[in-house]
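Asker: Quick one: the structure is below, and I'll ask about it shortly.
The values are calculated or read from the model by the stated rules, or taken from the named source; none is laboratory data. Since we're looking at a predicted model, the values are computed, not measured. Note that we place each Cβ from the backbone using ideal geometry, even for glycine, and neighbour counts take in every protein chain shown. All accessible areas refer to the heavy atoms of the entire protein, side chains included, with ligands and DNA or RNA removed. Shrake-Rupley method; radii C 1.70, N 1.55, O 1.52, S 1.80 Å.
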Amino acid sequence: MRLTLHKKKIAALLVLLGLAFCTWLLLSSSSPADPSPTDLLPTDKKDPSGFRLPQGSPLQMRLAAYRNNFQQPLINAEVFPGRPELVVAVQVRGGSGSGSRLRLLAESLQSAGPGATSRLLLVLSMAQPCPEATEAMKAIDFCQVLPVYFPYSLSFFTDEFPGSDPADCPRDMPKEAALLKGCTNAKYPDSHGHYREADFTQDKHHWWWKLHFLWERVREVSGHSGHILFLEEGSYLLPDWFHVLRLMQKRCQEESCHMLSLGGISTPEQSPDPQHMELSGFVAPRHRAAIAISRETYYQLMGCLGEFCTYDDYNWDWSLQHISAACLAHPLKVLAARLPRVLTLPAKAEGDGVCGRSGPCSNIDAASQDLRTKVRELSGQLFPKTISIASRQQEVRNPPPMKNGGWGDIRDHTLCQAFARL
């Protein structure tokens, strides 16, 4: 009964948002003389693409995000016309340092040269409006750029689910006490006895929404027959990333693999042979930083929608490893580069000028110099003419060693599954 009520609440939320958004579109299109909600807000200078930074109250930003995702403003479309041959999607958390990290990523993407980037669509999936990241995005002039917003961001739901509702149970409250108190989610602690923390649930929601939105709703991706490369904020690619990715795509077809992994590590070793690949099952910490997924694999993953969305782990990568082991007809087979083509920034900033994957990045020049030094140390190992599989693992189901929790609330389960119907 309680589950049914929660599903009805989530459904009602989605319906109300949809009706509000449609009404707004009708009003703004039928009465051009009347300003729309975003026209009443202070905005950046208008971009030829039509992109505008969501601002104002959480409701205004929420509606502006929906409108952005519906209109899909394509930056640099007039400079690079035509359908993209490669799609790269970056999950951007926003906040302090996001602009600097995006500039570093753009610097590394551009290193592949105009032969690659002129055919590239860079999708920036942002968890919150961020002027700093917007400024960095608008400085990208070497490829098409599509900004989208995760519409269920904590920025848009500041005091209600999927944000932190004041009526929700505190994380460490015992279930018995929560039931006596009558807080909203008292019946649904996670496997470790803790109640949900919105800051931790957002990344899994965002990743799963992004996967669906890109393959199903982005017009520029309609008919795209290649892979989409998924990166995280704080990634820095080696100059031969595109060259190696093309070689891997061809080999993946021959091996009938599900995913490609360009790796992702802070300080790569110089010992691996640059042409050596390994074929193995999906392992969350090893493959999560830079994975390329085809449309066919996406459809297979969506067949495990329920397993992914109800698995009690707030990490999308461990949830993916779970469905590989427990749900898919065949576990995920990953072709991975032994010499990673993606460097990742440290988890946290260390010392002056060293950027982390989150938080401030005050000295971008120092961070860029440090990354370029690492690339120079690897320069003699890049651009292999061919690739070969040095290690081959037989098909094996590899379940996660444990559930990390943080995902026991049935409202998260319901919202996660609802993305496929949006």
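Asker: Which value, in Å³ per residue, describes the convex hull spanned by the Cα atoms of segment 38-192?
Answerer: On the way: hull volume 22.8 nm³, N = 155.
Measuring per residue, one finds 147 Å³ for the Cα hull of segment 38-192.
Asker: Each label point is 7 Å from the Cα along the Cα-to-Cβ direction; what then is the distance between the points at ALA366 and LEU180, in nm?
Answerer: 5.2
Asker: Plugging the Kirkwood radius over Cα pairs into Stokes-Einstein for segment 271-422, at a temperature of 25 °C and a viscosity of 0.890 mPa s, what D comes out in µm²/s? Intermediate values should be presented prior to the final figure.
Answerer: On the way: Rh = 18.1 Å.
Approximately 135 µm²/s, per Stokes-Einstein.
Asker: Let me ask you something else. Roll a 1.4 angstrom probe over the protein heavy atoms and tell me the percent of accessible area of the chain that is carbon or sulfur. Mind dumping the intermediate values first?
Answerer: Details: 9760 of 18270 Å².
The value for the chain is 53 percent carbon and sulfur by accessible area.
Asker: Another question, if that's okay. Between exposed GluC sites (Glu not before Pro) in the chain, where DSSP calls loop and at most 12 other Cβ atoms lie within 10 Å, what's the longest gap? Could the numbers behind the result be given before it?
Answerer: Values: sites that count: GLU78, GLU269, GLU350, GLU395.
Longest stretch, sites excluded: 79-268.
Asker: With a probe of 1.4 Å, find how much accessible area segment 139-295 has per residue, and write the answer as a whole number in Å². The partial results should precede the final answer.
Answerer: Numbers: 5880 Å² over 157 residues.
It amounts to 37 Å² per residue over segment 139-295.
Asker: Rounded to the nearest 0.05, what FRET efficiency do HIS192 and VAL396 have when you use their Cβ-Cβ distance and R0 = 30 Å?
Answerer: Values: r = 28 Å, r/R0 = 0.92.
According to the calculation, E is roughly 0.60.
Asker: How big is segment 266-334 by the Kirkwood estimate over distinct Cα pairs, in Å? Walk me through the intermediate numbers first.
Answerer: Details: mean 1/r = 0.0745 Å⁻¹.
Evaluated over segment 266-334, this radius sits at 13.4 Å.
Asker: What are the membrane-span-like helices in the chain by this rule: whole DSSP H runs, Cα extent along the axis at least 30 Å, mean Kyte-Doolittle hydropathy at least -1.0? Walk me through the numbers before you get to the answer.
Answerer: Numbers: long enough: 2-30 (42 Å, 1.13).
Membrane-span-like by this rule: 2-30.
Asker: Could you give me the ³J(HN,Hα) list for segment 181-192, computed from phi with Karplus coefficients 6.51, -1.76, 1.60 and θ = phi - 60°, whole Hz, x at Gly and Pro?
Answerer: Karplus-based 3J(HN,Hα) across segment 181-192 equals 5, x, 5, 3, 10, 4, 7, 10, x, 7, 4, 9 Hz.
Asker: Largest first and in whole Å, give the semi-axes of the chain's equivalent ellipsoid, each being the square root of 5 times a Cα gyration tensor eigenvalue. Intermediate results must be reported in sequence, preceding the final value.
Answerer: Values: eigenvalues 228, 159, 87 Å².
Values for the chain, descending: 34, 28, 21 Å.
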